[in-house]
Each structure stands twice: as C-alpha cells, then as structure tokens.
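The values are calculated or read from the model by the stated rules, or taken from the named source; none is laboratory data. Keep in mind the model is a prediction, meaning the values are calculated, not measured. Every residue, glycine among them, receives a Cβ derived from its backbone with ideal geometry; neighbour counts consider all protein chains shown. Surface accessibility is based on the protein's heavy atoms, side chains included, excluding ligands, DNA and RNA. Shrake-Rupley method; radii C 1.70, N 1.55, O 1.52, S 1.80 Å.
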Amino acid sequence: MTSERMAEEGRIPPTRPLDSVDRDILQMLRTDGRASIRSVAERVHISRANAYARINRLIEDGVIRGFSARVDQERAGQGASAYITLKIVQNSWRTVREQLKELPGAAHIALVSGDFDVLLLVHTEDNRALRELVLTRIQSIPEVLSTRTLLVFEETDLWPEE
C-alpha cells in the first residue's frame with residue numbers, strides 16, 4: 001500500500017531511519033530529479049537493483065513525495081509573487097486549506113504558529129491579478145478573518161543547482 005493511500009485512509013506509513021546511502025540518493029535527486037537509476041547507482045556506489053529498490057522504498061514510505069521541475073516564475077509569465085498571511089477561524093484549517101489549494105497560482109500553504117495562522121505563497125501574472133486574488137478570492141472565504149500581503153521583490157531557490 002502506498003503512503004498516499006495510507007494517508008487518505010488516515011494511516012501514516014511507518015518511518016524508517018535513513019542511512020547515508022539514502023541521504024546521498026536524496027541529495028542527488030534534489031539536484032537532478034531526472035537522474036537515471038544507473039547514474040544514481042554509480043554515484044552512490046551501489047548496484048542498480050539496490051538503487052531501484054531504495055528509490056522505490058523512499059517513494060512508498062512517503063519520503064519522496066514526487067518529482068517536479070524548478071520554474072523561474074517570472075520567465076513563465078508569473079511576474080508577481082507574494083506571501084500572504086491569513087488569520088482564520090479556529091478549527092477551520094482543513095476547510096480553508098482545501099479552498100486555498102484551488103486558487104490559481106497557489107504554490108505553498110502552511111499552517112504556522114505566531115501572529116497569524118496560515119502562510120500562503122502565490123505567483124500571479126501581475127499586481128492587478130494579485131490584488132484580485134487577495135481581495136476577491138481569499139477574503140471571500142468565510143473562515144478567513146484577515147490577510148496581510150507581503151510582496152516578493154526577489155527570490156532564490158536554495159535547492160542544489162545542477
């Protein structure tokens with residue numbers, strides 16, 4: 001049973017400690033998610049069968065949640081980025097999260113502690129689209145009590161470069 005299916009059923013897959021080979025594989029895949037099994041095996045000095053089995057186990061255990069491309073948002077036509085903080089009605093996190101996931105440009109959602117409850121990262125075409133997203137879409141969610149928008153002037157991914 002996959003970790004996704006277990007999560008859907010409310011069960012969490014058992015965690016297993018990662019050894020240095022697992023950590024090396026994860027580091028390599030962070031740098032190049034398209035790396036072949038052969039190149040992973042050669043780089044961490046294990047057999048291809050072992051590399052394949054370890055990567056599958058990391059996926060099944062939910063350690064690797066997927067593979068994706070790093071996108072330059074500006075070059076992709078998303079010139080405005082912002083972190084939006086939200087204060088929400090107590091115990092409404094799951095409901096709010098599901099609504100935020102549907103927003104165009106939503107990139108990251110986190111339930112946090114402190115002066116606000118939710119931190120949302122969004123990418124939009126321009127400031128007009130950002131304004132519309134915040135004032136029309138987010139503030140119309142009944143469980144959202146208040147928002148604060150922090151414009152991103154420049155950002156740098158900390159993932160390893162190729």
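Within the stretch 136-162, the residues that satisfy the criterion of being hydroxyl-bearing (Ser, Thr, Tyr) and in a loop (DSSP other than H, G, I, E, B) are Ser140, Thr156. Selection of the stretch 46-74 for residues being aromatic (Phe, Trp, Tyr) and more than 30 Å from Thr124 (Cβ to Cβ) yields only Tyr52. None of Arg43, Arg70 is under 20 Å from Glu155 (Cβ atoms), open to solvent by 50 Å² or more (accessible area, probe 1.4 Å) and among the basic types (Lys, Arg) except Arg70.
I'm trying to understand the selection: among the residues of the stretch 50-67, which are surrounded by fewer than 17 Cβ atoms within 10 Å (Cβ to Cβ), small (Gly, Ala, Ser) and either in contact with a Ser or Thr (Cβ under 8 Å, 6 or more places away or on another chain) or closer than 17 Å to Asp19 by Cβ (or both)? Result: Ala53, Gly62. A search for C-beta distances below 7 Å between a residue of the stretch 1-29 that is in a helix (DSSP H, G or I) and any residue that is open to solvent by 70 Å² or more (accessible area, probe 1.4 Å) and modelled with pLDDT of 65 or more, counting only pairs 6+ apart in sequence or on different chains, returns Ser3/Glu60; Met6/Ile12; Met28/Arg43.
Looking across the stretch 89-129 at every residue that is aliphatic (A, V, I, L, M) and over 20 Å from the mean Cα position of the chain (by Cα), the one that is nearest to Ala76 (Cα to Cα) is identified as Ala129. Within the stretch 113-158, if we keep just the residues that are among the acidic types (Asp, Glu) and in contact (Cβ under 8 Å) with a residue 60 or more places away in the chain, the residue that is surrounded by the fewest Cβ atoms within 10 Å (Cβ to Cβ) turns out to be Asp157. Please go through (1) touching a Leu at 6+ places or on another chain (Cβ under 8 Å); (2) closer than 30 Å to Leu150 by Cα; (3) outside any loop (DSSP other than H, G, I, E, B) for Phe67 and return the number of the only condition it doesn't satisfy. For Phe67, the failing item is (3).
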